[in-house]
Amino acid sequence: MRVLFFVNRSDEALLIAYQKGEGQALCLLMQRYEKRLWNFVRRFVADHATAEDLLQDVFVRVLRNANEWQPRAKVSTWLFTIARNLCTDQARRMSVRKARSLDENSGDDERPLGEKIASHDGGAEEALLRRESSTEIEAALGQLPDEQREVFLMREVLDMSFAEIAAAVGASEPTVKSRMRYALEKLRDALTVAEPVVAQASESEKRL
Amino acid sequence: MSCAQKERVVDSLYGELSDVARAEFDAHVATCDSCRKELEVFGRARALVRPMLDQAAPASAMQRLRAEIQKQPSKTRWWSLPWLLPALSTAGLALLLLVMRTTLLKPHPLVRMESSPEPLQVSVPVVPAAKPEAPKVAQTAPPERQRQPTTVGDIEGADKLDNFADGKRGKKEKAQHWADPPKSPASFADMDSRTKKIAQSVPLEFPHTTGAELSKHALDVDELKELGLSEGLKADRAPVTTPAPAMAQPPLPSENQLVEKASRAFADGKWQEARALYRELLLRFPAHRSAPMWKQRIAQADVQLRSPPTLADEPTGGGGAGGWARPAKKARTVDAEKNQLQNVPSKK
């Protein structure tokens with residue numbers, strides 16, 4: 001009965017209800033954002049299990065900070081900021097491990113792993129052979145720098161405006177738009193590899 | 001070569017251009033192949049990315065959240081309980097109906113006063129609806145009346161008290177009744193047959209007058225208090241909460257019986273018995289109009305018995321106080337003086 005009572009309530013009303021003791025209200029609020037938060041976290045960190053743990057951490061963090069939320073703040077922005085901060089923290093820890101592993105030799109190949117990733121020779125050829133656009137896009141998304149990926153995901157997944165993203169990441173709005181553009185260009189490059197026609201058009205544009 | 005309007009591609013792609021800016025950019029895109037192709041490529045990339053960003057979330061996060069909420073101490077307040085709304089609605093409706101019933105069915109005070117005088121009686125709830133009956137009111141009489149012998153005058157007074165009970169007389173008249181009770185008839189012989197019958201049936205005392213019965217007539221007792229006539233009632237008043245049961249005491253012989261027995265004993269020469277009976281009559285009915293005659297007969301009995309006078313402390317006109325403490329040789333002189341005072345011929 002209480003769940004039905006909260007169905008048509010705004011996010012802010014739900015969070016206020018939770019602050020007044022309605023635990024069901026917070027569950028309902030998180031159900032509204034569960035999918036978006038998951039996709040944001042899942043694309044921010046490449047590993048599925050890590051993303052699942054990270055999503056739980058986001059929920060627990062929301063639960064613990066819910067009583068400190070002030071009605072003047074938009075609930076969605078507040079939620080995504082919590083998720084973004086946890087993801088950047090996690091990405092920073094992973095980058096440290098990644099940097100450590102990139103310095104080491106990998107397998108029988110004499111080159112470090114970083115050089116193999118940076119090299120477009122073999123990867124481009126495989127990509128051309130596969131012609132699997134979505135896979136290329138997914139790979140390109142995973143290879144985006146964190147600041148570009150977070151802006152892209154916040155815009156695409158969380159549907160935040162550039163102004164909200166700028167406020168969340170602590171950057172100016174032109175900077176956010178610039179990062180967005182870089183992210184889109186890299187995705188376009190991946191798509192160019194997957195789709196020769198588009199790639200040719202792009203090359204002809206570059207020659208011009 | 002890059003277009004100057006290229007910065008607007010991203011804004012246009014995500015709908016963050018104003019209507020005017022969007023119209024201008026659309027016009028530019030129609031003529032600029034670079035911007036148009038970039039819009040197409042970016043749009044296709046977004047379309048490819050979107051399915052990847054629409055996956056269902058694992059259930060573990062919500063389960064964890066619910067578990068964490070369960071761990072928290074309950075902060076649910078009583079006013080947010082689900083039953084509160086219907087309960088308050090029902091209570092409010094009931095209250096409304098009650099108020100409507102009270103206000104709508106209650107006549108206006110002025111209308112009530114004009115319509116009938118009865119509500120005025122209802123407005124004094126302390127007053128008992130039924131006034132005590134006459135004999136019961138007589139039981140609540142002041143103690144001095146209870147100490148006095150019950151005479152036919154009491155019965156007559158009871159008739160008047162019926163008038164009190166009917167509200168035909170006021171407090172002053174009632175107080176006058178208690179302060180100056182009606183005189184009794186001259187003798188038993190003066191009574192008519194009906195009065196005699198009633199007098200014989202009424203006990204001399206009221207042993208069943210208990211606090212509980214007095215409390216039934218609280219109005220009369222209170223009124224008597226106001227009039228200063230309630231002395232001695234406190235002694236008779238038992239706690240109302242624990243009324244003592246009426247004690248069954250044997251009724252004392254009536255005045256008429258005593259007088260009859262005493263007269264018979266006196267006539268039969270039973271001086272001792274006659275003296276005791278007359279003495280009891282004097283003790284019980286000192287204000288009786290036959291009291292002087294009873295005293296004379298006691299004196300005669302004393303003379304017959306040649307006993308020392310026993311009425312030294314009785315109001316005999318002043319003569320022989322302390323006489324029987326005198327020496328025996330003077331006893332005869334004292335008896336003669338007493339007999340002379342009481343117009344009784346002394347026996348020589």
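No value in this document is a laboratory result; all are computed from the given coordinates. Note that this is a predicted model, so its numbers are computed, not measured. A quick note on method: Cβ atoms are made from the backbone with ideal geometry, for glycine too, and the neighbour counts reach across all protein chains shown.
Taking trypsin sites (Lys or Arg not before Pro) across the range B:261-291, the ones in a DSSP loop with at most 15 further Cβ atoms lying within 10 angstrom of their Cβ are B:ARG289. Loop-only trypsin sites (Lys or Arg not before Pro) in the range A:1-88, please: DSSP not H, G, I, E or B, and at most 16 other Cβ atoms within 10 Å. Counting only loop positions with at most 16 other Cβ atoms within 10 Å, the trypsin sites (Lys or Arg not before Pro) in the range A:1-88 are A:ARG9, A:LYS20, A:ARG72, A:LYS74. On the beta carbon distance between A:LYS20 and B:GLN5, with R0 = 51 Å, the FRET formula returns roughly 0.50.
Restricting things to alpha carbons, find the Rg to Rh ratio for the range B:4-53 using the Kirkwood radius for Rh.
1.01
Residue by residue, the range A:60-68 carries 3J(HN,Hα) couplings of 5, 5, 4, 4, 6, 9, 4, 6, 8 Hz when phi is fed to the Karplus relation 6.51 cos²θ - 1.76 cosθ + 1.60 (θ = phi - 60°); x denotes Gly or Pro. Other protein chain C-beta atoms within 10 Å of residue C-beta, averaged over B:62-72: 5. Projected label points at A:HIS48 and B:ARG22, each 7 Å from Cα along the beta carbon direction, are separated by 3.9 nanometres. Taking amide hydrogens as placed 1.01 Å from N in the peptide plane, the amide H of B:CYS32 sits under 5 Å from that of no residue at least 5 positions away in sequence or on another chain. Shielding by partners for peptide B:4-15, expressed as the average number of C-beta atoms from other protein chains within 10 Å of each residue's C-beta, is 3. The string of couplings for the range B:266-274 from the Karplus curve (6.51, -1.76, 1.60, θ = phi - 60°) is 5, 5, 7, x, 7, 5, 4, 5, 5 Hz, one whole number per residue in order, with x for Gly and Pro.
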